[in-house]
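Novice: Pasting a structure here, questions to come.
The values are calculated or read from the model by the stated rules, or taken from the named source; none is laboratory data. Note that the structure is a prediction, hence the values are computed from the model and not measured. Note: ideal-geometry Cβ built from the backbone for every residue, glycine included; neighbour counts use all protein chains shown.
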Amino acid sequence: MRELKNLDWEHLGFIYRPCEKRYVAEYKNGAWSEGGLSDDPEVRINECAGILQYCQECFEGLKAYETSKGEIVCFRPDLNAERMYNSAEYLCMPPFPKERFLAALEETVKANLAYVPPYGSGASLYIRPYMFASGPVIGVKPSDEYTFRMIVMPVGPYYTGGAKPIAIMVSDFDRAAPHGTGHVKAGLNYAMSMHAHEVAAKAGYTENLYLDPARRKYVEETGGANVFFISQDKKTFVTPKSDSILPSITKRSLVYVAEHMLGLKVEERPVEFAELPEFSECGMCGTAAVISPVGRIHDHGRDIVFGKSMEEAGPVTMKLYETLTGIQLGTVEAPEGWIYRIA
Ligand SMILES: *Cc1c(COP(=O)(O)O)cnc(C)c1O
């Protein structure tokens with residue numbers, strides 16, 4: 001039996017909680033350092049570091065779980081390694097090699113095994129790899145030095161209330177410009193979403209739904225999660241396709257689950273906002289919350305409601321949620337290569 005920290009696993013919240021070890025590697029003189037674990041939760045960087053002046057940063061988010069068999073696993077971390085590689089390239093940062101990302105993941109999770117919440121608690125170990133320009137710049141250009149860190153923390157569900165539907169609102173702001181950074185997992189996309197998020201929160205909504213910035217005709221995604229819809233006849237899974245939405249690993253996995261495990265038809269295509277009343281279910285998907293059912297979308301004085309609205313999640317959304325979390329927790333057989341065993 002592994003040692004477990006004495007934490008209230010059922011009431012962790014989704015908050016920062018430093019663990020003993022984190023992984024750190026530095027990029028200097030054209031190469032990544034060997035890297036390794038550190039006890040130090042503080043970062044010391046130059047006052048003119050590129051991250052502080054021009055926000056050169058990208059990140060990832062994934063989770064480690066204890067399965068029903070007592071194994072510690074991650075869900076498709078190769079896709080996080082790849083996406084972070086692509087994000088770094090787009091932001092003119094030296095990408096962290098994918099096999100090193102996976103090695104760092106193993107090392108970091110193994111060093112913090114006592115923080116992986118026990119099976120059945122509903123909690124998980126959230127893993128946040130990130131990379132930022134640590135070398136000084138003042139003229140606008142990519143930095144010469146970078147830091148890669150991977151930190152972990154035990155977390156509860158992102159939205160308390162479990163599978164209870166949430167209400168979101170259509171934003172008057174845009175998350176990402178056409179041909180901008182919407183497809184890149186960068187902190188800068190979140191910096192500029194905070195104002196819009198505050199506006200939504202003050203109006204009583206959990207999240208913003210963003211429309212395509214060029215025409216405000218198509219649905220994109222929410223501030224931190226992709227979206228999907230279920231047709232009236234419950235036979236089709238529909239999810240928006242656009243160059244400015246973040247390629248969610250959860251979404252890509254749900255597309256597979258819907259088609260190959262639940263026998264649904266899948267449509268990945270531009271989705272017009274005007275179509276939304278035709279759907280019977282709506283959900284948000286991402287690593288943090290896996291799936292959050294959406295009961296209602298508020299749009300300037302009118303509401304689009306799905307199924308039983310805020311009362312309960314629709315049956316297909318629930319089935320998708322149960323199947324995907326079952327795969328992650330080892331109670332549903334996983335497609336080849338999805339589960340990465342760490343301990
Ligand atoms: C991280 C993120 C998602 C979800 O991606 P997952 O790989 O499923 O966690 C969706 N939208 C945005 C904007 C994100 O940053």
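Novice: Out of all the residues in region 223-251, which are among the charged types (D, E, K, R) and surrounded by fewer than 16 Cβ atoms within 10 Å (Cβ to Cβ)?
Specialist: Within region 223-251, the subset among the charged types (D, E, K, R) is 233-235, 241, 243, 251.
Selection gives Asp233, Lys234, Lys235, Lys241, Asp243.
Novice: Shifting gears a bit: Only one of Ser253, Ser309, Ser280, Ser242 is over 19 Å from the mean Cα position of the chain (by Cα) and not in a strand (DSSP E or B). Can you tell me which? Working first, answer last.
Specialist: Details: Ser253 fails: over 19 Å from the mean Cα position of the chain (by Cα); Ser280 fails: not in a strand (DSSP E or B); Ser242 fails: over 19 Å from the mean Cα position of the chain (by Cα).
Going through Ser253, Ser309, Ser280, Ser242 in turn, the sole match is Ser309.
Novice: Kindly check whether there is at least one residue in region 193-203 that is buried (at least 24 other Cβ atoms within 10 Å of the Cβ), in contact (Cβ under 8 Å) with a residue 40 or more places away in the chain and touching a strand residue (DSSP E or B) at 6+ places or on another chain (Cβ under 8 Å).
Specialist: Within region 193-203, none of the residues are buried (at least 24 other Cβ atoms within 10 Å of the Cβ), in contact (Cβ under 8 Å) with a residue 40 or more places away in the chain and touching a strand residue (DSSP E or B) at 6+ places or on another chain (Cβ under 8 Å).
Novice: For Glu336, all conditions in the list (1) more than 16 Å from the ligand (Cβ to nearest atom); (2) under 19 Å from the mean Cα position of the chain (by Cα); (3) outside the structural domain of Asp172 (by TED's automatic domain parsing) hold save one; what is the number of the exception?
Specialist: Looking at each condition in turn, Glu336 falls short on (2).
Novice: Would you confirm whether any residue within region 136-143 is touching a helix residue (DSSP H, G or I) at 6+ places or on another chain (Cβ under 8 Å), under 30 Å from Gln53 (Cβ atoms) and crowded, with 20+ Cβ neighbours inside 10 Å? Spell out the reasoning first.
Specialist: If we filter region 136-143 for residues that are touching a helix residue (DSSP H, G or I) at 6+ places or on another chain (Cβ under 8 Å), which is where we start, we get 136-138, 140, 142-143.
Then keep just the ones that are under 30 Å from Gln53 (Cβ atoms); that gives 136-138, 140, 142-143.
Add one more test, that the residue is crowded, with 20+ Cβ neighbours inside 10 Å, and what stays is 137, 143.
Within region 136-143 (the criterion being touching a helix residue (DSSP H, G or I) at 6+ places or on another chain (Cβ under 8 Å), under 30 Å from Gln53 (Cβ atoms) and crowded, with 20+ Cβ neighbours inside 10 Å), the answer is yes, since at least one residue qualifies.
Novice: Can I ask one more? Is one or more of the residues making up region 232-242 in contact (Cβ under 8 Å) with a residue 12 or more places away in the chain, of a type in the set (Lys, Arg) and more than 15 Å from the ligand (Cβ to nearest atom)?
Specialist: There is at least one residue in region 232-242 that is in contact (Cβ under 8 Å) with a residue 12 or more places away in the chain, of a type in the set (Lys, Arg) and more than 15 Å from the ligand (Cβ to nearest atom).
Novice: Next question, about the same structure. Among (1) crowded, with 22+ Cβ neighbours inside 10 Å; (2) within 16 Å of the ligand (Cβ to nearest atom), there is one condition Ala288 misses while meeting the rest; what is its number?
Specialist: Among (1) crowded, with 22+ Cβ neighbours inside 10 Å; (2) within 16 Å of the ligand (Cβ to nearest atom), Ala288 violates only (1).
Novice: Restricting attention to region 192-213, report how many residues are outside any loop (DSSP other than H, G, I, E, B) and of a type outside the set (Gly, Ala, Ser).
Specialist: Kept after step one, since they are outside any loop (DSSP other than H, G, I, E, B), are these residues of region 192-213: 194-202, 207-211.
Going one step further and asking which of them are of a type outside the set (Gly, Ala, Ser), we end up with 194-195, 197-199, 202, 207-211.
Within region 192-213, residues that are outside any loop (DSSP other than H, G, I, E, B) and of a type outside the set (Gly, Ala, Ser) number 11.
Novice: Has region 64-73 got at least one residue that is basic (Lys, Arg), touching a residue at least 24 places away in the same chain (Cβ under 8 Å) and in contact with a helix residue (DSSP H, G or I) (Cβ under 8 Å, 6 or more places away or on another chain)?
Specialist: No, that holds for no residue.
Novice: Moving to a separate point now. Can you name the number of the only condition in (1) in contact with a Lys or Arg (Cβ under 9 Å, 6 or more places away or on another chain); (2) surrounded by fewer than 13 Cβ atoms within 10 Å (Cβ to Cβ) that Glu71 fails?
Specialist: Of (1) in contact with a Lys or Arg (Cβ under 9 Å, 6 or more places away or on another chain); (2) surrounded by fewer than 13 Cβ atoms within 10 Å (Cβ to Cβ), only one is false for Glu71: (2).
Novice: Can you name every residue in region 146-191 that is of a type in the set (D, E, K, R), buried (at least 19 other Cβ atoms within 10 Å of the Cβ) and away from the ligand (no atom under 16 Å from the Cβ)? Show your work before the answer.
Specialist: Going residue by residue through region 146-191, those that are of a type in the set (D, E, K, R) are 149, 164, 172, 174-175, 185.
Checking which are buried (at least 19 other Cβ atoms within 10 Å of the Cβ) leaves us with 149, 174-175, 185.
Of everything in region 146-191, just one residue is of a type in the set (D, E, K, R), buried (at least 19 other Cβ atoms within 10 Å of the Cβ) and away from the ligand (no atom under 16 Å from the Cβ), namely Arg149.
Novice: With the requirement that a residue be within 13 Å of Phe132 (Cβ to Cβ) and not in a loop (DSSP other than H, G, I, E, B), what does region 16-53 give you?
Specialist: Scanning region 16-53 gives Val24, Ala25, Glu26, Tyr27, Ala49, Gly50, Ile51, Leu52, Gln53.
Novice: Find the residue count for region 170-198, including only residues that are within 15 Å of Glu60 (Cα to Cα) and not polar (S, T, N, Q).
Specialist: 8
Novice: Continuing with the same structure: Those residues that are surrounded by fewer than 20 Cβ atoms within 10 Å (Cβ to Cβ) and within 23 Å of Leu79 (Cβ to Cβ), I need them from region 114-129; list them, please.
Specialist: Hit for region 114-129 is Arg128, nothing else.
Novice: Hey, among the residues in region 5-60 that are among the hydrophobic types (A, V, I, L, M, F, W, C) and in contact with a helix residue (DSSP H, G or I) (Cβ under 6 Å, 6 or more places away or on another chain), which one's surrounded by the most Cβ atoms within 10 Å (Cβ to Cβ)?
Specialist: Our first condition is that a residue be among the hydrophobic types (A, V, I, L, M, F, W, C); within region 5-60, this holds for 7, 9, 12, 14-15, 19, 24-25, 31-32, 37, 43, 45, 48-49, 51-52, 55, 58-59.
Cutting the leftovers down to in contact with a helix residue (DSSP H, G or I) (Cβ under 6 Å, 6 or more places away or on another chain) gives us 19, 37, 55, 58.
Values: Cys19: 19, Leu37: 16, Cys55: 15, Cys58: 27.
The selected residue is Cys58.
Novice: For region 102-130, enumerate the residues that are in contact (Cβ under 8 Å) with a residue 40 or more places away in the chain and assigned to a helix (DSSP H, G or I).
Specialist: Once the filter is applied, which keeps residues that are in contact (Cβ under 8 Å) with a residue 40 or more places away in the chain and assigned to a helix (DSSP H, G or I), region 102-130 yields Leu102, Ala104, Leu105, Glu106, Glu107, Thr108, Val109, Lys110, Ala111, Leu113, Ala114, Tyr115.
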